[in-house]
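These notes are about the structure you will find just below.
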Amino acid sequence: MPSTTPASPGRPRAFDIDEALDRAVLVFWSKGFEGASLDDLTEAMGISRPSLYRAFGSKEDLFYKALERYTEGLTSYFARALAQPTSAAVATAVLHGAVEAATMPGFPAGCLGVQGALATGDDSRHVRAALIAWREDGIAHLTRRFQQAVDAGDLPPSTDPHLLALYLRTVANGIAVQAASGSSRPELLHVANLALNNWPKP
C-alpha cells in the first residue's frame, strides 16, 4: 500500500516497491501483458504513472520485473523440485507444484509465464520472446537433471533427457491452461497423477 506519510512538496509520495510489484504480478497474471493497461497497473499498485516510470521503467520493464518476482516466489516450487533425489520425485514435485500454483485460492488461475503473452501482436514480440526463453530455461534445467538421473541409473540408458523434460513441461503448461479454463484442483491432480503413472522406471 502507498505510505500514509504526507509527501514533501515537490517530492513523489513514497510507496512500498515490493508490495507494488506483487500487485503488478497479479494484474499481468490475470490480464496478460497486452491486456494489462497502465491504468490497470497504476490503480492496482496504488501509484501514479510518473511513479511507475521512475520506479520500474516502462510497462515492458515492469513486466520483466514482475516475471522475475513471480519466478522467485509463487513458482519457486520448480527450483525445489530439481533438488529431489529421484527423477520420479522431481516429476511429482513439478506437476503437483504446477497444480497448486495454478489453482491457489485468491489468486488468478493458471500461470503468468504460460499465459502472459500467448496472444500478442508484433509490438509485444520482445515480451513473447522473453516468455519463450523463460519456458525454455525451465526445460534446460530439467534436461540437465534428467541427464544426471540417466548417468546415475535412475532412468533407463535409452532415455532422451530433453524429450522427457519437454514432455514434463508440456503437461505442466497444459495444467496451467486448463486451470485458467476452469478445471478444478482435484481434476488437475488426477491429470498429473495419470502422467506420473507413465514415468519411466530405472
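The values are calculated or read from the model by the stated rules, or taken from the named source; none is laboratory data. As the structure is a computational prediction, the values presented were derived from the model and not from experiment. Every residue, glycine as well, gets a Cβ built from its backbone with ideal geometry; the counts of neighbours run over all protein chains shown. Surface areas here come from the heavy atoms of the whole protein model, side chains and all, with no ligands, DNA or RNA. Shrake-Rupley method; radii C 1.70, N 1.55, O 1.52, S 1.80 Å.
Can you name the condition, by its number, that A81 falls short on among (1) in a loop (DSSP other than H, G, I, E, B); (2) open to solvent by less than 70 Å² (accessible area, probe 1.4 Å)?
In the conditions (1) in a loop (DSSP other than H, G, I, E, B); (2) open to solvent by less than 70 Å² (accessible area, probe 1.4 Å), A81 misses (1) alone.
Determine, yes or no, whether A55 is within 30 Å of R145 (Cβ to Cβ) and either at pLDDT 95 or above or not aromatic (F, W, Y) (or both).
no
Checking the conditions here, which among A172, A129 is closer than 26 Å to D22 by Cβ, open to solvent by 40 Å² or more (accessible area, probe 1.4 Å) and not in a loop (DSSP other than H, G, I, E, B)?
Criteria check complete, one pass: A129.
Output the qualifying pairs, or none if there are none: Cβ atoms under 7 angstrom, residues six or more apart or on different chains, first residue in the stretch 49-77 and within 18 Å of E19 (Cβ to Cβ), second residue open to solvent by 40 Å² or more (accessible area, probe 1.4 Å) and of a type in the set (K, R).
Qualifying pairs under 7 Å: F56/K65.
Got a sec? Which of A24, A20 is part of a helix (DSSP H, G or I), within 28 Å of D122 (Cβ to Cβ) and not hydroxyl-bearing (S, T, Y)?
The match here is A24.
Applying the selection to the stretch 47-78, what residues are more than 30 Å from V99 (Cα to Cα), open to solvent by 30 Å² or more (accessible area, probe 1.4 Å) and not in a helix (DSSP H, G or I)?
Listed by number, the residues that qualify are S48, S58.
Scanning the stretch 179-190 for residues that are part of a helix (DSSP H, G or I) and in contact (Cβ under 8 Å) with a residue 40 or more places away in the chain, which turns out surrounded by the most Cβ atoms within 10 Å (Cβ to Cβ)?
The extreme case among them is A179.
I need a count of the residues in the stretch 98-126 that are closer than 15 Å to F33 by Cα and open to solvent by less than 50 Å² (accessible area, probe 1.4 Å).
12
Return yes when A88 is assigned to a helix (DSSP H, G or I) and open to solvent by 40 Å² or more (accessible area, probe 1.4 Å) and no when it is not.
Answer is yes for this residue.
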